[in-house]
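**Q** If you scroll down you'll find the structure; I have some questions about it.
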């Protein structure tokens, strides 16, 4: 049975140790942010969209949003410059919950460009890219996918392929779901990337 595309962004799954560790960060409301979107920190220590492709650090992926009083937001994503239903602090910031543990495992869907990955790809490095826009405003999920055209054994790839996700309807090929770990993590990268 061929795989079906169901873009999940960079979605955290239970770690090898059984929990997903998350922390709240602040983000400016001028950014559109989506669930399971890869993010990094800017020079103010605030959440910003992580740059796609190799050599860009990632601090984690978004798992939730809260207003200044930790109330639930009315949309499944954070629209840029929201004008209703949000309370922001005096600096114009909202709270973003990020799965930021360097040991966290994630699920991400393989794209269709280049040669399909197989069992020999396990352990290789890869980066993410976006399909179309950065996120889906209906589902609220980021359109981040695994860029299989950039598979490499080098150290500058953003993600490390752990294994094919063990699921009966998941086969090697187009739209395969992979378990990955962040390779260029903001808190553990051997080369500290510049905060933007």
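**Q** Can you confirm whether residue 108 is surrounded by fewer than 21 Cβ atoms within 10 Å (Cβ to Cβ), in a strand (DSSP E or B) and at negative phi?
**A** Spelling it out, it is not the case that residue 108 is surrounded by fewer than 21 Cβ atoms within 10 Å (Cβ to Cβ), in a strand (DSSP E or B) and at negative phi.
**Q** Is it the case that residue 56 is outside any strand (DSSP E or B), within 30 Å of residue 169 (Cα to Cα) and out of contact with any helix residue (DSSP H, G or I) (no Cβ under 9 Å at 6 or more places or on another chain)?
**A** Spelling it out, it is not the case that residue 56 is outside any strand (DSSP E or B), within 30 Å of residue 169 (Cα to Cα) and out of contact with any helix residue (DSSP H, G or I) (no Cβ under 9 Å at 6 or more places or on another chain).
**Q** Between 53, 23, which is in contact (Cβ under 8 Å) with a residue 24 or more places away in the chain and on the phi > 0 side of the Ramachandran plot?
**A** 53
**Q** Out of the residues in the stretch 145-169 that are crowded, with 19+ Cβ neighbours inside 10 Å and assigned to a loop (DSSP other than H, G, I, E, B), state the one that is modelled with the lowest pLDDT.
**A** It comes out as 157.
**Q** Just wondering, is there one or more residues in the stretch 83-97 that are at pLDDT 85 or above and within 22 Å of residue 14 (Cβ to Cβ)?
**A** Yes: one or more hits.
**Q** Oh, and also: For the stretch 170-196, enumerate the residues that are within 30 Å of residue 45 (Cα to Cα) and either at pLDDT 85 or above or not in a loop (DSSP other than H, G, I, E, B) (or both).
**A** Correct list: 178, 179, 180, 181, 182, 183, 184, 185, 186, 187, 188.
**Q** Considering only residues of the stretch 111-140 that are crowded, with 20+ Cβ neighbours inside 10 Å and assigned to a strand (DSSP E or B), which is nearest to the chain's Cα centre (by Cα)?
**A** 128
**Q** Could you tell me which residue of the stretch 16-39 is nearest to residue 58 (Cα to Cα), considering only residues that are over 15 Å from the mean Cα position of the chain (by Cα) and part of a loop (DSSP other than H, G, I, E, B)?
**A** That would be 31.
The values are calculated or read from the model by the stated rules, or taken from the named source; none is laboratory data. From a predicted model like this one, the values you see are computed outputs, not experimental measurements. Quick reminder, even Gly has a Cβ in these numbers, built from the backbone with ideal geometry, and neighbours come from all protein chains shown.
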